[in-house]
Every structure is written in structure tokens, then in C-alpha cells.
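The structure appears right after this line, and notes come after that.
Quick note: the coordinates plus some simple rules give every number you see, no bench work behind them. Quick caveat: nothing in here was measured; it's all calculated off a predicted structure. Every residue, glycine among them, receives a Cβ derived from its backbone with ideal geometry; neighbour counts consider all protein chains shown.
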């Protein structure tokens with residue numbers, strides 16, 4: 001068996017914290033309304049001098065420094081995002097230059113919305129198997145405040161900006177991610193109009209349909225990953241689920257009969273950061289010492305597409 005292990009993490013949040021009380025001044029909403037329906041108390045927005053690249057760079061440099069790898073060792077650089085600064089070049093290619101990665105590093109962005117980081121882990125696992133250099137950099141980064149409609153109180157209270165990064169190493173004797181992925185073409189449920197439509201590029205979401213989708217697919221995907229790995233859910237040390245809505249998380253934890261102590265969360269402080277939510281939370285677990293060497297963490301995300309993905313990752 002071959003696969004990847006996690007050897008370093010990093011994350012970055014913009015300096016500006018926006019509380020529910022701040023949003024009360026902009027939108028017809030209240031702290032009680034937001035907290036009751038989402039579990040979110042605050043989120044971070046990019047301010048002057050902050051942008052997608054600056055968040056990516058901060059998280060990536062932190063992860064590389066903590067892992068002890070040099071730019072020359074990196075063979076794959078992937079950025080999961082839907083809010084990159086430019087349509088082209090990709091965020092990954094810009095990052096390649098800024099980090100000084102070799103010219104033959106495989107660099108590209110991928111868009112699987114909130115499931116994107118887990119898609120990226122599996123993609124890196126596959127690419128590193130054929131790469132001469134066995135270290136990969138996988139980043140989830142979003143600046144959702146730039147595509148949020150602040151006249152729509154059902155969506156504007158949900159999203160935040162941020163980035164999370166993971167450095168992984170491939171090895172012939174490392175465990176497989178046992179990744180599970182899938183998608184449905186339910187584009188009308190959650191979408192952002194394209195640049196060629198002429199419509200404002202804001203997030204549009206059918207909240208009720210997303211909730212129905214999430215409470216079905218998150219538990220199912222989690223079970224499928226464990227089954228593929230040949231282990232029980234009790235043998236998983238930590239669960240890192242996409243931080244979309246506290247009610248979705250509570251439902252999934254109850255349905256799976258998981259120990260809440262194994263299911264850390266940060267949605268109250270970060271909001272929904274889409275592709276960045278899983279790696280940001282993963283970094284918090286590592287830096288706090290909760291996720292220790294040799295332990296297994298099951299990561300799962302779901303989002304626009306509709307997409308979903310799960311993977312079992314081990315900390316080196």
C-alpha cells in the first residue's frame with residue numbers, strides 16, 4: 001500500500017473580524033437570528049492590502065516552515081479555490097513563483113467548492129506517486145467577502161475569508177487516503193454566475209436544499225471512507241468536517257453516533273470559509289496538540305456542484 005502522510009500545516013485569517021453585531025448595522029438581521037440558525041458569531045474579511053494571494057502565501061509559508069521542507073523538495077502545488085485573484089494565471093502558478101518552487105512543479109487550481117481541499121489531497125496523492133519529488137503542498141483559500149451579496153441576509157451572514165495549507169509526503173509504505181468523492185449536477189442549488197453571464201457574481205444558495213443534501217451526504221461519505229479503510233468510526237482519532245452550519249454538524253455527529261470530543265469545530269469564530277475550512281481546522285488541531293503523531297483524522301467536505309469528498313489522513 002502507498003499513500004501520503006501529513007507533515008505540516010498552516011493557516012491565515014484576515015485581520016478584520018466581523019461580528020454578528022457588525023452585520024446588524026448593514027443587514028436586517030440580529031445576533032440571535034444568526035447564532036440560532038448557523039452557530040456563527042463572527043468571521044474575518046480581507047481589508048486593505050489583504051487578498052487571496054497574501055492569505056495563500058501566509059498559510060503556505062507557515063506549513064512549509066513547520067514541516068521543515070524546502071521549496072526544492074516540492075513536486076506538486078495545488079490550490080482549492082473559487083475566488084482566486086485572477087482567472088488566469090492560476091493561484092497555484094502565482095504561488096509557485098512567490099515560494100520559489102522548481103519550474104517542473106505541477107501547479108494548478110481546482111474548484112470543488114467546499115469539498116475542494118479534500119479533492120486536492122487525493123489529487124496530490126495520485127500525482128506524487130508519479131513524481132520524482134514526493135512532497136506536495138495543498139492549499140484551500142477563499143475570499144468569499146468579495147462575492148457576497150450584502151442585501152441577502154440568508155447568505156451574507158454565513159461566509160468568511162481565510163486560508164489553510166497542508167504539506168504532505170508520499171511514501172510506498174504510507175497508508176492510502178481511502179478517498180471517497182462524488183458529485184451531482186445540481187447547479188441551481190448553490191451557484192455563482194460566471195464571468196460571461198453579465199450577472200453580478202454573487203453567491204446564490206437554496207439553503208433548505210443544501211441542508212437536505214448535507215445531512216444525507218456527510219454521514220454517508222464518512223461511513224464510506226471508514227469502510228474503505230477497513231476500520232470502525234471508533235478507531236478514528238479526530239473528525240474534521242467542513243464548517244458550513246452548526247446544525248448540519250450537530251445532525252451528522254448525532255447520526256453517526258460520534259463522540260463530540262473527537263469533532264472539533266471553529267465555525268463560531270470563522271464562519272463558512274468554503275475550501276479553506278477543513279485545512280484551517282486541521283491546522284488548529286495540529287498546533288493545539290490535539291492531533292498527535294500517528295493519529296488518524298477523517299476529513300470530509302461538501303459544497304457547490306453539488307460535490308462531496310472524504311479522506312483518512314495520518315499525521316507523520
- Task: Starting from one equal scatterer on each C-alpha and no solvent at all, send me the Debye-based log10 I(q)/I(0) for the chain at q = 0.09, 0.13 Å⁻¹, two decimals.
- Result: -0.40, -0.87
- Item | Descending semi-axes in whole angstrom, ellipsoid equivalent of the stretch 3-171, from the Cα gyration tensor | 33, 15, 14
- Query: Taking Cα centroids, how far is the stretch 158-176 from the stretch 108-146 in Å?
  - Reply: 8
- Task: Let me have the relative contact order for the chain, percent, based on Cα pairs under 8 Å that are six or more residues apart.
- Result: 27
- Note on the structure: Rounded to one decimal in Å, the inverse mean reciprocal Cα-Cα distance for the stretch 180-314, i.e. its Kirkwood radius, is 15.6
- Query: Efficiency by 1/(1 + (r/R0)^6): what FRET value for residue 206 and residue 259, r their Cβ-Cβ distance, R0 = 35 Å, to the nearest 0.05?
  - Reply: 0.60
- Note on the structure: Rounded to the nearest 0.05, FRET efficiency between residue 37 and residue 172 (Cβ-Cβ, R0 51 Å) equals 0.60
- Separation of the residue 30 and residue 146 label points, Cα + 7 Å toward Cβ, nm: 3.5
- Note on the structure: Per the Cα gyration tensor, the stretch 83-179 corresponds to an equivalent ellipsoid with semi-axes, largest first in Å, of 29, 17, 9
- Item | Stretchable slack from residue 287 to residue 188, in nm (0.36 nm times residue separation minus alpha-carbon distance) | 31.8 nm
- Message: Taking every DSSP beta bridge with both residues inside the chain, roughly what % is antiparallel (nearest 5)?
- Response: 70
- Message: Would you report the distance distribution of C-alpha pairs in the stretch 126-217 as whole percents per 10 angstrom bin, up to the bin with the largest distance?
- Response: 12, 29, 30, 22, 7, 0
- For n ≥ 4 DSSP H runs only, could you compute -39500 (n - 2.57) per run for the chain, divide by its residues and tell me the 222 nm figure to the nearest 500? -10000 deg cm²/dmol
